[in-house]
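Undergrad: What follows is a structure written as structure tokens; I'll ask about it next.
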Amino acid sequence: MLYREAGDFKTSYRDDSQTFPLKLDRMGYWVTLAVAFGVIPFVITDYWANAVLVPFLIYAIAALGLNILVGFGGQVSLGTGGFMAVGAYATYKLTTTFPEISLLIHILLAGGITAAVGVFFGLPSLRIKGFYLAVATLAAQFFLVWLFNKVPWFYNYSASGQITAPERTFLGYVISGPATSAPAKYLVCLAFAVALAWVARNLTRGTAGRKWMAIRDMDIAAEIIGVNPLTAKMSAFAVSSFFIGVAGALLFSIYLGAAEASETFGINKSFLVLFMVIIGGLGSIFGSFAGAAFLVVLPVFLKNVLVGAFGWPTDLAAHVELMIVGALIVFFLIVEPHGLAQLWRLTKEKLRLWPFPH
Amino acid sequence: MEQLLYASEVLVNGLMAGVMYSLVALGFVLIFKASGVFNYAQGVLALFAALTLVGIQQGQVPFAHLINAITGSHISSFGWTVPSLLAILLTALVMVGLAILIEALVLKHLVGQEPIIMFMATIGLAYFLEGLGDIMWGADVKTLDVGLPQGISDTAEAWTAALTGYGFFIDRLDIWATVIAALLVAALVAFSQYTKQGRAMRAVADDHQAALSVGISLRFIWVMVWSIAGFVALVAGIMWGTKSGVQFSLSLIALKALPVLMLGGFTSIPGAIVGGLIIGVGEKLFEFYIGPMVGGATESWFAYVLALIFLVFRPQGLFGERIIERV
Amino acid sequence: MKLRFAAAVAAAMMAAAPALADLTVPNLSYRTGPYGANGNQYADGFNDYFTLLNERDGGIGGQKILTPECETAYNTEKGVECYESTKGNNALVYNPFSTGITYQLIPKVAADGIPMVTPGYGRTSAKDGSVFQWVFNPPANYWDGASVIVKHLLDVNGGDLNGKTIALVYHNSAFGKEPIRTLEELSKKHGFTLSQIPVDPPGQEQKSQWLQIRREKPDYVILYGWGVMNQAAIQEAANIRYPMENLIGIWWAGGEVDVEPAGAAANGYKSATFNGVGMDYPFYGDLKTHVLDTGKASGGGAHVGKAMYSRGMYAALIIAEGIKKAQELAGTPEITAAQMRDGLEALEITEARMTELGLPGFGQPFQLSCQNHGGSGMGMIQQWDASAKQWKLITDFIQPDEDVLQPLIQADAQAFAAENSIQPRCN
């Protein structure tokens, strides 16, 4: 009754193809943004920032990036962890070599470097498809992590091979290093997430996105209608890796503050981001956020319920948590293989008709 | 000359290591062939099977920790031990039961979904089994002993010393693994060639719909294939568990099997064997010759890069079915 | 629905807060994942020691000690989550039991002003208290461990390692790479050749590494491993008939879980340790009466007396003594994290004190100061007796080679101070 399109007339093509065609959706979007930028920074605590919101935003960026590759481009990749490592180490090298340039610029540059690396490791996708490609991207994952572990230049010859984010400021506020306040961390990540989501949305509904989707749906057919598979696939790898590189840079410099290639950017990270994409919904911007939220919040939530509320021993809780997460993944796939985004779409459909569904 | 001897020793050991990888890869191939599912949970199945085997063998009470936490009791063991062979049989039964459950609770509901969705489902399954295995049998490192010998084979060392002047190192466990793997493959081939169920399995692998239309029960085949894969996982679990104890890390051997699959092709049993051998030899020789130059520990990625290079020339793997694409 | 979920999340997160007023020492443990078997024992030992103090003495200075547990699974991100979720509840001191998480937390604890105690692991140069104000790593660190092992080898060889070769088989991570610099220095000093053999974690498959060892026949192998890597290494060493008494692990490669899978073949394997082994101490009588028999033991008491359990217990002991000292200095039993740090900086554990605690000779005497956050760094060598399934101490406490270590520690600490613009204090 409240949520409907009757009376919401469009008078131009521009209006008709906007992201949120319904007024209520648009308002919801602006309110969400207003709350995210205007309210949360004032109430956020260290715990909420570090345990929930900052990882959520960073993983949302990574999931967006992977979604461009998997959901729009149809190329399955398991190299996410390795590409995030590229972003992290590139930021580290850049910011320690050129400390006078703003960290934010370095983060974007690190994204660019990751894009180049991503294109290189994406080259086999021209020959290899499906699961073979997925496993082939693992070569990138393992090789990159090994490289960062092995070549001392990458970690400035520190004794243990760890990289530590030095303190950096932006407009007088500390945004990196241990003295960073919770709102600063949150706002930097939020700004990146919103800007990149906007970029992703506009890329995917433009020419580039249509080419990617054509390749995804059937690459031979796409080639016949004039989509160049080389540029389409490589641009998908480049854009996707850029996002993932930025996510890795943020993960290291803003969130964790210290990292070690094999620990922080291991194969588990690749799987985690892939889960987010699939659970959230392939080929959906909203889905990337939903999937990231689901997989960041759920374990924290389960842990707090099982240990905090029920007082279980932590090991039992951890095992049960694994079982619940696993069972929920299977359950979601059975109920809605197209992910949370599809559930959201269905809910909206129902809402439009409510309360008179006939 | 000495270098050559060392290299041949590395080669032989690489072949043996390859067999160990193949054992894991076999389970993947079986399931992929019959149902088109890339079963990520294969490694965890091996861990689960090994945990169950040790648990049964040593008479552990399943879920003891959970029961103790809830009721405040202090139970841990039934106080008996089960002979190895019987324990292996019982574990195999458990794996069959698990296959039935997986089919009924997961696979049945996902018929006809895209491969990536099925893949995700098996990852969910892997998580679940990981938690279940820990909660059933505890997270300690367990010693697995089913009577397989370990350590350097004196005979092989003496022979090679007599022949070449340098005694090769060959692990007795590896020799056993090779024998068992050969038997396993022979049994699998015989089963799929000469039994009714085996033929039905191949029919399903060829074409689901055609198989269904001639009256083959897809559900039965799936349960069967998952049971066999569970059994293969058990064998792999025994081998790897004997080597370094049964513990969480056992599930990570799946990562060693992936390049083998890529190389050999997801659909070929001989591919899994040959792929395993190539990967085993390749990574050991690379570590031997190139490793010291670049700082070692190359085995984590070399197998993948090797497989990747192979794939660029043969995108379907060595023995994979040719992919024919039509618009 | 969404709202209700959010409310439930919020409620659950609030519920995580334990009752205030007592002293809180969060136990960031890991009982799952690849290193769960070690973490399990360690966390039990840590909990049980404080349970004993609470049950027997009513806590420390009349204050009960709470050890809320948080599962990290040895994962740095979960570790950060655990740190953030527990630090708000007046956390007094942290012991994350993971080198990776320690590196994460070093800047964070400095910013939040909460001390961190990392006995036998973590960042070695944290021993320099003038740079690392909030981090303590008594009684010994990784470099001490390497030096102690080399000293032991010197003793075995009549003081001369000239021309010998020593291979370092290490976990290819922050932890495993730590001793390289020290061993390189020591090899210059004592004239032995060092060969480095990295093993990528997890490390089940080490055939090529051990074939290399079989070929090169190093006189000694030092093992800096963790988790399944140790079991595989010891098994492979046995397979190539490498003499077990020449294979020496760091203390984290010195647990029962590491040697038991190899069975009788592991007999004679040595490892360093900075605490006593076994249950032959009067302390365990009290533990039995007050904790084990009353059913309050963490994890059901299944691991009491094992190597990792003892180490967890010893970590708790150091922290408990630090609390006691802090209470003395502050003149109040209800101390803050800052007072806790002052207590740790003034901490002195003597042999007499160890005897008083019912653990004579279990730990070394050491004294901390503003400058020295690492204690005396001594270690013993233990040897595995496979038939008795027991570790046996074969040496007394061995003093590490401070002449070599001190400059290295200073150099590394200075580099950290320069990178993070920290003004060294204590002058």
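The values are calculated or read from the model by the stated rules, or taken from the named source; none is laboratory data. Only a predicted model underlies this, so the values are computations on that prediction, with no experimental measurement involved. Ideal geometry is used to build each Cβ from the backbone, glycine not excepted, and the neighbour counts take in all protein chains shown.
Undergrad: Check the stretch B:48-55 and report whether any residue there is hydroxyl-bearing (Ser, Thr, Tyr) and under 23 Å from the mean Cα position of the chain (by Cα).
TA: Residues of the stretch B:48-55 hydroxyl-bearing (Ser, Thr, Tyr): B:52.
Okay, now just the ones that are also under 23 Å from the mean Cα position of the chain (by Cα), so B:52.
Within the stretch B:48-55 (the criterion being hydroxyl-bearing (Ser, Thr, Tyr) and under 23 Å from the mean Cα position of the chain (by Cα)), the answer is yes, since at least one residue qualifies.
Undergrad: For the stretch B:140-178, give me each residue that is more than 18 Å from C:ASN239 (Cβ to Cβ) and either more than 14 Å from chain C (Cβ to nearest Cβ) or part of a helix (DSSP H, G or I) (or both).
TA: Once the filter is applied, which keeps residues that are more than 18 Å from C:ASN239 (Cβ to Cβ) and either more than 14 Å from chain C (Cβ to nearest Cβ) or part of a helix (DSSP H, G or I) (or both), the stretch B:140-178 yields B:ALA162, B:LEU163, B:THR164, B:GLY165.
Undergrad: Please determine, by comparing only the residues of the stretch C:306-347 that are assigned to a loop (DSSP other than H, G, I, E, B) and over 17 Å from the mean Cα position of the chain (by Cα), which one is surrounded by the fewest Cβ atoms within 10 Å (Cβ to Cβ).
TA: Only one residue tops the list, namely C:GLY331.
Undergrad: Only one residue in A:GLY82, A:GLY122, A:GLY111, A:GLY118 is within 30 Å of A:LEU171 (Cα to Cα) and part of a helix (DSSP H, G or I). Which one?
TA: Working: A:GLY82 fails: within 30 Å of A:LEU171 (Cα to Cα); A:GLY122 fails: within 30 Å of A:LEU171 (Cα to Cα); A:GLY118 fails: within 30 Å of A:LEU171 (Cα to Cα).
Within the list A:GLY82, A:GLY122, A:GLY111, A:GLY118, the selection yields A:GLY111.
Undergrad: Taking the stretch A:174-186 as the search range and keeping residues that are of a type in the set (Ser, Thr, Tyr) and out of contact with any strand residue (DSSP E or B) (no Cβ under 6 Å at 6 or more places or on another chain), which one is surrounded by the most Cβ atoms within 10 Å (Cβ to Cβ)?
TA: Residue satisfying both the conditions and the ranking: A:TYR186.
Undergrad: Given (1) of a type in the set (A, V, I, L, M); (2) at pLDDT below 90; (3) closer than 20 Å to C:TYR35 by Cβ, identify the lone condition not met by C:ALA264.
TA: Here C:ALA264 clears every test but (3).
Undergrad: If I filter the stretch C:165-187 down to residues being more than 18 Å from the chain's Cα centre (by Cα), within 10 Å of chain A (Cβ to nearest Cβ) and touching a residue at least 40 places away in the same chain (Cβ under 8 Å), which single residue comes out as surrounded by the fewest Cβ atoms within 10 Å (Cβ to Cβ)?
TA: C:ARG181
Undergrad: Which of the following residues is surrounded by fewer than 24 Cβ atoms within 10 Å (Cβ to Cβ), hydroxyl-bearing (Ser, Thr, Tyr), in contact (Cβ under 8 Å) with a residue 60 or more places away in the chain and touching an Asp or Glu at 6+ places or on another chain (Cβ under 9 Å): B:SER268, B:SER251?
TA: B:SER268
Undergrad: Sticking with this one: Return the only residue of A:ALA136, A:ALA36 being touching a residue at least 60 places away in the same chain (Cβ under 8 Å) and in a helix (DSSP H, G or I).
TA: Answer to the selection: A:ALA36.
Undergrad: Now for a separate question. Being of a type outside the set (A, V, I, L, M) and surrounded by 24 or more Cβ atoms within 10 Å (Cβ to Cβ) narrows it down to one residue among A:GLY38, A:GLY111; which is it?
TA: Selected residue: A:GLY111, the only one of A:GLY38, A:GLY111 that is of a type outside the set (A, V, I, L, M) and surrounded by 24 or more Cβ atoms within 10 Å (Cβ to Cβ).
Undergrad: Can A:ILE285 be described as within 12 Å of the chain's Cα centre (by Cα) and not small (Gly, Ala, Ser)?
TA: Values: within 12 Å of the chain's Cα centre (by Cα): yes; not small (Gly, Ala, Ser): yes.
Considered against the rule, which asks whether it is within 12 Å of the chain's Cα centre (by Cα) and not small (Gly, Ala, Ser), A:ILE285 comes out as yes.
Undergrad: Output the number of residues of the stretch C:95-133 satisfying the condition of being closer than 23 Å to C:GLY276 by Cα and touching a Lys or Arg at 6+ places or on another chain (Cβ under 8 Å).
TA: Of the residues in the stretch C:95-133, 3 are closer than 23 Å to C:GLY276 by Cα and touching a Lys or Arg at 6+ places or on another chain (Cβ under 8 Å).
Undergrad: Within the stretch A:62-70, can one find any residue that is at negative phi, assigned to a helix (DSSP H, G or I), within 12 Å of another protein chain (Cβ to nearest Cβ) and not small (Gly, Ala, Ser)?
TA: Initially, the stretch A:62-70 is screened for residues at negative phi, giving A:62-70.
Now drop any that are not assigned to a helix (DSSP H, G or I), which leaves A:62-70.
Now restrict to residues that are within 12 Å of another protein chain (Cβ to nearest Cβ): A:70.
Keeping just the survivors that are not small (Gly, Ala, Ser) gives A:70.
Yes, the conditions are met somewhere in the stretch A:62-70.
Undergrad: Condition first: more than 30 Å from A:ALA85 (Cβ to Cβ) and either modelled with pLDDT of 90 or more or surrounded by 18 or more Cβ atoms within 10 Å (Cβ to Cβ) (or both). Now tell me which residues in the stretch A:208-220 satisfy that.
TA: Of everything in the stretch A:208-220, those that are more than 30 Å from A:ALA85 (Cβ to Cβ) and either modelled with pLDDT of 90 or more or surrounded by 18 or more Cβ atoms within 10 Å (Cβ to Cβ) (or both) turn out to be A:ARG210, A:ALA214.
Residues checked against (1) of a type in the set (Asp, Glu); (2) at pLDDT below 85:
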{"residue": "B:PRO83", "(1), (2)": "no, no"}
{"residue": "B:GLY97", "(1), (2)": "no, no"}
{"residue": "B:LEU105", "(1), (2)": "no, no"}
{"residue": "B:GLU114", "(1), (2)": "yes, yes"}
{"residue": "B:GLY165", "(1), (2)": "no, yes"}
{"residue": "B:PHE168", "(1), (2)": "no, no"}
{"residue": "B:LEU173", "(1), (2)": "no, no"}
{"residue": "B:ILE180", "(1), (2)": "no, no"}
{"residue": "B:ALA187", "(1), (2)": "no, no"}
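Undergrad: If you go through the stretch B:212-230 one residue at a time, do you hit one that is closer than 22 Å to B:ALA46 by Cα, within 14 Å of chain C (Cβ to nearest Cβ) and among the hydroxyl-bearing types (Ser, Thr, Tyr)?
TA: no
Undergrad: Considering each of C:LEU223, C:LEU194 in turn, give the residue that is more than 7 Å from every other protein chain (Cβ to nearest Cβ), in contact with a Ser or Thr (Cβ under 9 Å, 6 or more places away or on another chain), in a strand (DSSP E or B) and crowded, with 24+ Cβ neighbours inside 10 Å.
TA: Of C:LEU223, C:LEU194, the one residue that is more than 7 Å from every other protein chain (Cβ to nearest Cβ), in contact with a Ser or Thr (Cβ under 9 Å, 6 or more places away or on another chain), in a strand (DSSP E or B) and crowded, with 24+ Cβ neighbours inside 10 Å is C:LEU223.
Undergrad: Another question, then. Any idea which of (1) over 30 Å from C:ALA262 (Cα atoms); (2) out of contact with any helix residue (DSSP H, G or I) (no Cβ under 6 Å at 6 or more places or on another chain); (3) not in a loop (DSSP other than H, G, I, E, B) is the one C:MET380 doesn't satisfy?
TA: Among (1) over 30 Å from C:ALA262 (Cα atoms); (2) out of contact with any helix residue (DSSP H, G or I) (no Cβ under 6 Å at 6 or more places or on another chain); (3) not in a loop (DSSP other than H, G, I, E, B), the lone unmet condition for C:MET380 is (1).
Undergrad: Has the stretch A:182-193 got any residue that is within 13 Å of another protein chain (Cβ to nearest Cβ), touching an Asp or Glu at 6+ places or on another chain (Cβ under 8 Å) and in a helix (DSSP H, G or I)?
TA: Yes - at least one qualifying residue is present in the stretch A:182-193.
Undergrad: Collect the residues in the stretch A:156-173 that are in contact with a strand residue (DSSP E or B) (Cβ under 9 Å, 6 or more places away or on another chain) and either facing chain C (nearest Cβ under 10 Å) or on the phi > 0 side of the Ramachandran plot (or both), keeping them in residue-number order.
TA: A:ASN156, A:SER158, A:GLN162, A:ILE163, A:THR164, A:ALA165, A:PRO166, A:GLU167
Undergrad: Hey, does the stretch A:19-30 have a residue that's surrounded by 12 or more Cβ atoms within 10 Å (Cβ to Cβ), within 14 Å of another protein chain (Cβ to nearest Cβ) and modelled with pLDDT under 90? Step through it out loud before you land on a result.
TA: Filtering the stretch A:19-30 down to residues surrounded by 12 or more Cβ atoms within 10 Å (Cβ to Cβ) leaves A:19-26, A:28-29.
Remaining after also requiring within 14 Å of another protein chain (Cβ to nearest Cβ): A:28.
Checking the rest, the ones that are also modelled with pLDDT under 90 come to A:28.
Checking the stretch A:19-30: at least one residue is surrounded by 12 or more Cβ atoms within 10 Å (Cβ to Cβ), within 14 Å of another protein chain (Cβ to nearest Cβ) and modelled with pLDDT under 90.
Undergrad: Give the stretch B:288-303 a look and list any residue that's in a loop (DSSP other than H, G, I, E, B), more than 8 Å from chain A (Cβ to nearest Cβ) and closer than 13 Å to C:PRO202 by Cα, or say none.
TA: Passing the criteria: none in range.
Undergrad: Count, please, the residues in the stretch C:136-161 that happen to be buried (at least 21 other Cβ atoms within 10 Å of the Cβ), farther than 19 Å from C:ARG181 by Cβ and hydrophobic (A, V, I, L, M, F, W, C).
TA: Summing the residues that are buried (at least 21 other Cβ atoms within 10 Å of the Cβ), farther than 19 Å from C:ARG181 by Cβ and hydrophobic (A, V, I, L, M, F, W, C) in the stretch C:136-161 gives 1.
Undergrad: So C:TYR281 fits all but one of (1) under 25 Å from C:SER147 (Cβ atoms); (2) surrounded by fewer than 24 Cβ atoms within 10 Å (Cβ to Cβ); (3) not small (Gly, Ala, Ser); what number is the exception?
TA: Every condition holds for C:TYR281 apart from (1).
Undergrad: Could you pull out the residue among B:VAL10, B:VAL24, B:VAL19, B:VAL44 that is out of contact with any Pro (no Cβ under 7 Å at 6 or more places or on another chain), farther than 19 Å from B:MET239 by Cα and either among the small types (Gly, Ala, Ser) or surrounded by 16 or more Cβ atoms within 10 Å (Cβ to Cβ) (or both)?
TA: On inspection, the qualifying residue turns out to be B:VAL10.
Undergrad: Now, a different point. Give the residue that is modelled with the lowest pLDDT, with candidates limited to residues of the stretch C:85-135 that are closer than 20 Å to A:THR45 by Cβ and assigned to a strand (DSSP E or B).
TA: Filtering the stretch C:85-135 for residues that are closer than 20 Å to A:THR45 by Cβ and assigned to a strand (DSSP E or B), the one modelled with the lowest pLDDT comes out as C:ALA91.
Undergrad: What are the pairs with Cβ atoms under 9 angstrom where one residue, in the stretch B:24-45, is part of a helix (DSSP H, G or I) and the other, located anywhere, is of a type in the set (Lys, Arg)? Sequence gap at least six, or different chains.
TA: If the second residue must be of a type in the set (Lys, Arg), the pairs left are B:VAL24/B:LYS256; B:ALA25/B:LYS256; B:LYS33/B:ARG202; B:ALA34/B:ARG202; B:GLY43/B:LYS256.
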